[in-house]
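Note sheet for the following structure.
The values are calculated or read from the model by the stated rules, or taken from the named source; none is laboratory data. All figures in this text were calculated on a predicted structure; none of them were measured in a lab. Using ideal geometry, Cβ is built from the backbone for each residue, glycine included, and neighbour counts are taken over all protein chains shown. Quick note on the areas: whole protein, heavy atoms, side chains included, nothing else; ligands and nucleic acids left out. Shrake-Rupley method; radii C 1.70, N 1.55, O 1.52, S 1.80 Å.
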Amino acid sequence: MPSDSSAVVAPHIAHDALDADTAHPGEPTPKPGKPTAAEKAKARADNRRNWRTLMGFLKPYRGRLLIGSLFAIIATVTGLWTPRIIEWVIGNLEASVFLGEDVSGALVTNVTIFAVLTIIYIVTVLLQWILLGNSAEHVVYDVRAALVARFLRGRVSEIRERSTADLVSRATADAPLLQVTVTLGFVSLVQAAVGVVGSIILMGVIDPLMLGITLGALVLLGITMALIMPKAGRERALAQTAVGHMSTELDGSMRALRTIKASRAEASHVEAVLDDAEKARKHTTATLITEVIGYEVGFGGMLLVTVFMLAFGAWRVQGGYLSIGALVAFVMYTQNFIMPLMQMADGFSTIQQGLAASNRIGEAMEIPLEEAEEATGVSDDELHDEASDPLIEFMKVSARYKQVEDDVIKQVSFTIPRRGHVAIVGESGAGKSTTVSLMMRFLSPRSGLILLDGVPYDQFTYSQVRERIAYVEQEPPVLPFSIRDNLEPVDLGLTDEQLYAALRAVDLDEEFSEFPDGLDHELVATTMTGSERQRLAVARALLAVADVLIIDDATSQIGGAAEKSIDRALAAFAKQGVVITIGNNLDTVRDADQVLLLEEGQLVAQGSHEDLEATSELYRSLVGR
């Protein structure tokens, strides 16, 4: 069964195959499973981009992060003095017990120092987590703000090529992973580094020989962990990708729930979603096992080192090379190595997780925006808006979608007047909706010109074009807000009476008047009929202050009194603007002042309904005559 995830994965497979086929002559054929030179180069480039993405979001908060790291360093340093203080206390007790000295003053001093250091440790750890936690949440917010802006302000053609659920998961699921990277990843590495260096220095002061033996064992453990932990990062990245694909599958299945049930295809769709869930489980399990092995190598290895150093240190104490307090302190430092090593392992794993999230976020951030924020557009003085001038003009326009090799609109030329009704008809796939996408600047022409008031489209800002056009799409969505917000997505300063007048125009006033909270009632798309969704969209379009009203085959489920009400509303609009309808409904095209007939992306005929009915067999077949 075809699935969204396969559609996402297939281009990458094809791209890899192309790389293999176009390898340079003389280059050795890579072994199966071994990455090619091109793949290695791409991986390095992706890794650099991931770091740039991650550091770019951290940059505004580097001051806070540095202060938080400073608190972490202070807390680590204060903790490092604990074994030394214990060593001094044991030395005081030895002097008191075996030599009979009065050490009460020294004991009070050492205990006081220990208490002060403990308070400093508690306060700095508290400040560290408050500061880093706050900064990390700001990073998550910034990531989400950047992604939401990119998704809603990006080019429609680019957004449509991607899975909606996968894009949403990058803002909801991937963004919080950067928070963990900030609070646990980088800081864990800083604390671990300070802890290790500090412990080495203090252990060297106690006994250089025992330090040398300990460091030799630690080097072996470090090499082993360095070989193990990167696999956890790779498996975690694969798990995140599988979750993204699962979200795509599940989102698509939920949207098509009625069709799936009507086709009795529940089992196959469950299987498709669970296939990605199983991949996520396997990769997450592999991550867990790898991390556990890494942790056990570090933790278990350090325990063995501690046991050995305790025995070796006892021998040193018997030989008079070391005091009992110094041995206790050295063993404590040896055990303290376990925590920094675990922090390092966890820090590396967390950073790998954050880089994997940065990869997905970085990919989304590469979606091109429709226009730069500084775009100025066209002034009113530049417009040719005489009544006799066409409002919109297509001049030999050709266009294609990114993933399609051939043009879907081919050398199309026509004009749209300032008043009246224009119908665009044609078979499915003829290019009707693509023509609308070009008018709305959802898609840009590959060649040719589109003019608005005699000025090329690309000289306008996107907003300038769209404020002139009210648009009702093929399958009108319901915005997840109130009735008021659905009718007035942008504040136009309309009164409640004006909103209710629009609802009356599409015969929706009675249905919506039943809600106790009136226009502030929150709408749920799944509880609305297709007819109600379409009529709500038409009401929204009628409220817009626009020169053009485009109805893209969006009234197919409206009939009876509601259809007659909408016909009257469209006729009234056509007296002061132009209505463009898309579709082959006879009742609609019969009332049109001009009909444009498309076939396979080309304009094959245009004229009145009567002209095309008399001259075009294709037209007669489309409108049912």
Would you confirm whether or not the stretch 105-113 contains a residue that is in contact (Cβ under 8 Å) with a residue 24 or more places away in the chain and small (Gly, Ala, Ser)?
no
When the residues of the stretch 260-305 are narrowed to those that are farther than 30 Å from residue 199 by Cβ and either of a type in the set (S, T, N, Q) or outside any helix (DSSP H, G or I) (or both), which ends up most open to solvent (accessible area, probe 1.4 Å)?
264
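What do you reckon, is residue 251 at pLDDT below 80, out of contact with any Asp or Glu (no Cβ under 7 Å at 6 or more places or on another chain) and either assigned to a helix (DSSP H, G or I) or open to solvent by less than 70 Å² (accessible area, probe 1.4 Å) (or both)?
Values: at pLDDT below 80: yes; out of contact with any Asp or Glu (no Cβ under 7 Å at 6 or more places or on another chain): yes; either assigned to a helix (DSSP H, G or I) or open to solvent by less than 70 Å² (accessible area, probe 1.4 Å) (or both): yes.
Considered against the rule, which asks whether it is at pLDDT below 80, out of contact with any Asp or Glu (no Cβ under 7 Å at 6 or more places or on another chain) and either assigned to a helix (DSSP H, G or I) or open to solvent by less than 70 Å² (accessible area, probe 1.4 Å) (or both), residue 251 comes out as yes.
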Those residues of the stretch 314-347 which are buried (at least 21 other Cβ atoms within 10 Å of the Cβ) and within 16 Å of residue 216 (Cα to Cα), in sequence order
330, 333, 334, 337, 341
Pick from 415, 435: which is β-branched (Val, Ile, Thr), open to solvent by 30 Å² or more (accessible area, probe 1.4 Å) and not in a loop (DSSP other than H, G, I, E, B)?
415
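How many residues does the stretch 61-102 hold that are assigned to a helix (DSSP H, G or I) and either more than 59 Å from the chain's Cα centre (by Cα) or over 17 Å from residue 197 (Cβ atoms) (or both)?
Our first condition is that a residue be assigned to a helix (DSSP H, G or I); within the stretch 61-102, this holds for 61-80, 82-99.
Pick out the ones that are also either more than 59 Å from the chain's Cα centre (by Cα) or over 17 Å from residue 197 (Cβ atoms) (or both) and you get 61-68, 71, 85-99.
Residues in the stretch 61-102 being assigned to a helix (DSSP H, G or I) and either more than 59 Å from the chain's Cα centre (by Cα) or over 17 Å from residue 197 (Cβ atoms) (or both): 24 in total.
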For the structure I just gave you, tell me whether residue 467 is acidic (Asp, Glu), within 30 Å of the chain's Cα centre (by Cα) and crowded, with 16+ Cβ neighbours inside 10 Å.
no
Only one of these conditions is not met by residue 47: (1) farther than 30 Å from residue 199 by Cβ; (2) out of contact with any Leu (no Cβ under 9 Å at 6 or more places or on another chain); (3) at pLDDT below 80. Which number is it?
(2)
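Going by what's in this entry, would residue 443 be described as among the aliphatic types (A, V, I, L, M) and part of a loop (DSSP other than H, G, I, E, B)?
On the way: among the aliphatic types (A, V, I, L, M): yes; part of a loop (DSSP other than H, G, I, E, B): yes.
Spelling it out, residue 443 is indeed among the aliphatic types (A, V, I, L, M) and part of a loop (DSSP other than H, G, I, E, B).
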